[in-house]
Amino acid sequence: MKPRNTLVSALAFLVLALSASVAVAEGSKEVVVPVGPPQPRTVEPFQAQPLPPRTTDPSWLLFQDGVRLFGEKRFGESLVAFKKSVDTRASLFDRASADIAAATTTKEAGKAKDSLSELVKLLAARDVLPGDFEAIRGRSGDSLITEMGLLREKAPSGPLRGLIDATLLVVEERGLSRVGDSIDALKRAAADLGHYPEAEFWIARIYLAEGESRLAELQMLHAYDMRSSLELSDDRFAMLEALAGIYKSQGNLKDYELRLREIADASELFVGNNEYYRNSMERTLATQGFDRFMSLFRVQETHAIAAYSGLGLLYLEAGRPLAVIYLAAAVNAVLTREIAAIRIDVPGYVYTGLQDLAAKILADRERARFASDSGLWRDIVKLGEALATTGNRETARELWSVMASLPGKVDPWGKRAASALAGPRLR
């Protein structure tokens, strides 16, 4: 199976905060609550393991060539490589689909119904003696893939050989779990693999790098239409983010907002049934301050940071109160990731306040770079502005005071915070 070509950082999930352990004394209904500040409850997202390198898929090798050439700014050669990878992938899996179709038109297919293992068994009866087949099954250890590999060594006739080759190819690309024992699932997987949305997306990036924004937009939409064929479904967020960037550059703020909302609305925080939780976040932030907010809540879906931030800034500019929750989510998500990074070096680290955490971020080059690249310092100041606009001046002052005290590394946002503190809103 080929390595996962991640276009965006890995998926993370929002969790409900504040879990406290309770113990009931034996024979008594008295509840004993542990002493100490409540810890935010988090659920670690599933971290998929990277796949081993592919060295046999020519379409993947061409894709890697395209990525390398793009990095070297050899855009013409990169474009050729990506287009070849698309064509090679289509040809490879068109053949696989044809082989599967040939096997499913045999008389044995009707008896097998939708069972892939049963169809293999029935087709094997054409070429392999019953005793030999049972020996192969015994050696396979209940693994259909091992069984197919052993049968392939017997040089079976066309229908079985084609079915085995197509199945092994699909499984190598997508894994057996996507197919199971279903012939229909195998057909769908082979059809999906005939598309190469990752390569199509990189073609759009080439157009964009060459200043062809309209071509890039159309190509990205084309790639996004193929999103069901993505190896990593979360890669669609990178496509949406890129499309949003094109619309923003064109001044098309309506479509810019819609694409960012598509990313944000797919996150755990903004699913419809989490409205109460979002309201709780806003209420805590407004009435109890930022440090309490960070102590109780964790936004772990880092793939949505840019969308949260973009929407927050857009709504702030438009004077909409929605700016608060989106900017709060963006800041919280970045700080949550920074806290996780700190805990790698200091396992016992506990958030005690924005001032301390900001100092720890700035003290480390990699953490400081991530904070800057993700717009953390800007979004903290802008969150203060959004809070001040909605009348929550104390929390705004809390944020601006921290930013104004930080060294010049955070400028111009430190200076912006100092100006805001001196402004008429907080006098």
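Enumerate the helices (runs of 4 or more DSSP H) found wholly within segment 100-193, keeping only those where 1 or more residues are closer than 25 Å to Asp225 by Cα and modelled with pLDDT under 90.
158-174
Do we find a residue being surrounded by fewer than 17 Cβ atoms within 10 Å (Cβ to Cβ) and either of a type in the set (Lys, Arg) or in contact (Cβ under 8 Å) with a residue 40 or more places away in the chain (or both) anywhere in segment 322-340?
Within segment 322-340, not a single residue is surrounded by fewer than 17 Cβ atoms within 10 Å (Cβ to Cβ) and either of a type in the set (Lys, Arg) or in contact (Cβ under 8 Å) with a residue 40 or more places away in the chain (or both).
Select from segment 99-130 the residues that are out of contact with any helix residue (DSSP H, G or I) (no Cβ under 6 Å at 6 or more places or on another chain), more than 19 Å from Ala185 (Cβ to Cβ) and surrounded by 18 or more Cβ atoms within 10 Å (Cβ to Cβ) and list them in ascending order.
Result: Val128, single match.
Tell me which residues, restricted to segment 53-62, are surrounded by 18 or more Cβ atoms within 10 Å (Cβ to Cβ) and out of contact with any Phe, Trp or Tyr (no Cβ under 7 Å at 6 or more places or on another chain).
Within segment 53-62, Asp57, Trp60, Leu62 qualify.
Among the residues of segment 211-252, which ones are of a type in the set (S, T, N, Q) and either surrounded by 18 or more Cβ atoms within 10 Å (Cβ to Cβ) or under 22 Å from the mean Cα position of the chain (by Cα) (or both)?
Gln219, Ser228, Ser229, Ser233
When the residues of segment 160-210 are filtered to those that are among the acidic types (Asp, Glu) and touching a residue at least 60 places away in the same chain (Cβ under 8 Å), which remaining residue is surrounded by the most Cβ atoms within 10 Å (Cβ to Cβ)?
Taking the candidates together, the pick is Glu198.
Filter segment 306-321 for residues that are of a type in the set (A, V, I, L, M, F, W, C) and touching a residue at least 60 places away in the same chain (Cβ under 8 Å); which is farthest from Ala264 (Cα to Cα)?
For segment 306-321, the residue satisfying everything is Leu316.
Quick one: would you say Val80 is buried (at least 18 other Cβ atoms within 10 Å of the Cβ) and either at pLDDT below 95 or not in a loop (DSSP other than H, G, I, E, B) (or both)?
Answer is no for this residue.
Quick one: is Val381 of a type in the set (A, V, I, L, M) and at pLDDT below 95?
Judged against the criteria, Val381 is not a match.
Give segment 216-233 a look and list any residue that's in a helix (DSSP H, G or I) and either touching a His at 6+ places or on another chain (Cβ under 6 Å) or assigned by TED's automatic domain parsing to the domain that holds Val171 (or both), or say none.
Correct list: Ser229 only.
Looking only at helices (runs of 4 or more DSSP H) that lie completely in segment 343-426, which have at least 3 residues being buried (at least 17 other Cβ atoms within 10 Å of the Cβ) and touching a residue at least 40 places away in the same chain (Cβ under 8 Å)?
In segment 343-426, the matching helices (runs of 4 or more DSSP H) lie at 354-362, 376-389, 393-405.
Tell me the residue from Ala96, Ala90 that is among the small types (Gly, Ala, Ser) and in contact with a helix residue (DSSP H, G or I) (Cβ under 7 Å, 6 or more places away or on another chain), please.
Ala96 is the lone residue from the list that is among the small types (Gly, Ala, Ser) and in contact with a helix residue (DSSP H, G or I) (Cβ under 7 Å, 6 or more places away or on another chain).
The values are calculated or read from the model by the stated rules, or taken from the named source; none is laboratory data. Nothing here was measured: the structure is a model prediction, and the numbers come from that model. With ideal geometry, Cβ positions are generated from the backbone for all residues, glycine too; neighbour counts draw on all protein chains shown.
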